[in-house]
1. Which residue fluctuates most in the GNM of the chain (Cα springs below 10 Å): ARG42, ARG89, ARG193?
2. Per residue of the stretch 150-163, what does 6.51 cos²θ - 1.76 cosθ + 1.60 with θ = phi - 60° give for ³J(HN,Hα)? Whole Hz please, x for Gly and Pro, Karplus curve as stated.
3. Ranked by Cβ crowding within 10 angstrom, fewest neighbours first, how are PHE40, PHE74 ordered?
4. For THR176, what residues show an amide H to amide H distance below 5 Å, using hydrogens built from the backbone and excluding near sequence neighbours?
5. Within straight cross-link reach of LYS29, meaning Cα distance under 19 Å, which lysines are found once same-chain residues fewer than 8 apart are removed?
6. Excluding residues fewer than 8 places away in the same chain, name every one of the lysines whose C-alpha is closer than 30 Å to that of LYS111.
7. What do you get when you divide the Cα radius of gyration of the chain by 2.2 N^0.38 Å, with N the number of residues?
8. Angle check, please: helix 18-27 long axis (alpha carbons) against the longest principal axis of the chain (alpha carbons), in degrees 0 to 90, nearest 10.
Amino acid sequence: MHTLQLNADYTPIKVLPWERAIELVLSGKVVTVAAYPSRFVRSASLALPWPAVVTLRRYARARGRVGYSSRGVFARDGYTCAYCGLQPRGGRRPDREQLTLDHVVPRAHAKDGAVYLPWSRKWVRVSCWENAVTACRACNMRKADRTPSQAGMPLRTVPRVPTPSDVLRITLGRLTVPAEWTPWLPEKWQVTRAEATGVARGAG
């Protein structure tokens, strides 16, 4: 079971193991603002509500890194095609089957495993955050092994290394988000939400 950590301004910043959340509660560094109903962490001398959401007492600069992956690119881009803006949906959730990873500067243009990015004026690995975007299948097929300028398909946004906020969204994309977290997450974030169980996927 996981705990959502908020900054002192109540913006979400990271997901914690529940054991770490309990340590922070006991040390006085965080305050519990939402607990899982009817669940307690017990010891010989106390019974604490099981923290679902905690907030820092003092503001901290958000930090975080995440390894490059196609799933991470989809989450960073909001499951939206970087060329046409399509966001395929199946019910309330993004339809990931309709999305693909596109190398903006294709591998066919690489020299010794690197490609040149004209917008940032630097060489990078073919597969990296700055040379990868989400594309619907139609746009990916249309672009083929061409650059956006060669294909006449300008990017809607320039690919970038994820921000701390992106890192959290990517983390949430790997979980079923407990109902107790919902009030603290931006509605625009595409996450898989639990109905009302208060239990993240894979929790013990």
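None of the figures in this text is laboratory data; all of them are computed from the coordinates on show. All values reported here derive from a predicted model rather than from experimental measurement. Here the Cβ is made from the backbone with ideal geometry for all residues, glycine too, and neighbour counts use every protein chain on show.
1. Comparing ARG42, ARG89, ARG193 in a Gaussian network model of the chain, the most mobile one is ARG42.
2. 3J(HN,Hα) across the stretch 150-163, in whole Hz: 5, 8, x, 10, x, 6, 6, 9, 7, x, 8, 5, x, 7.
3. With the fewest neighbours first, PHE40, PHE74 line up as PHE40, PHE74.
4. Those qualifying (amide H under 5 Å, at least 5 residues apart or on another chain) are ARG201.
5. Reachable lysines: LYS14.
6. Within the straight-line limit of under 30 Å, LYS111 reaches these lysines: LYS122, LYS143.
7. Details: Rg = 20.3 Å, N = 204, 2.2 N^0.38 = 16.6 Å.
My calculation over the Cα atoms of the chain gives 1.22.
8. 60 degrees
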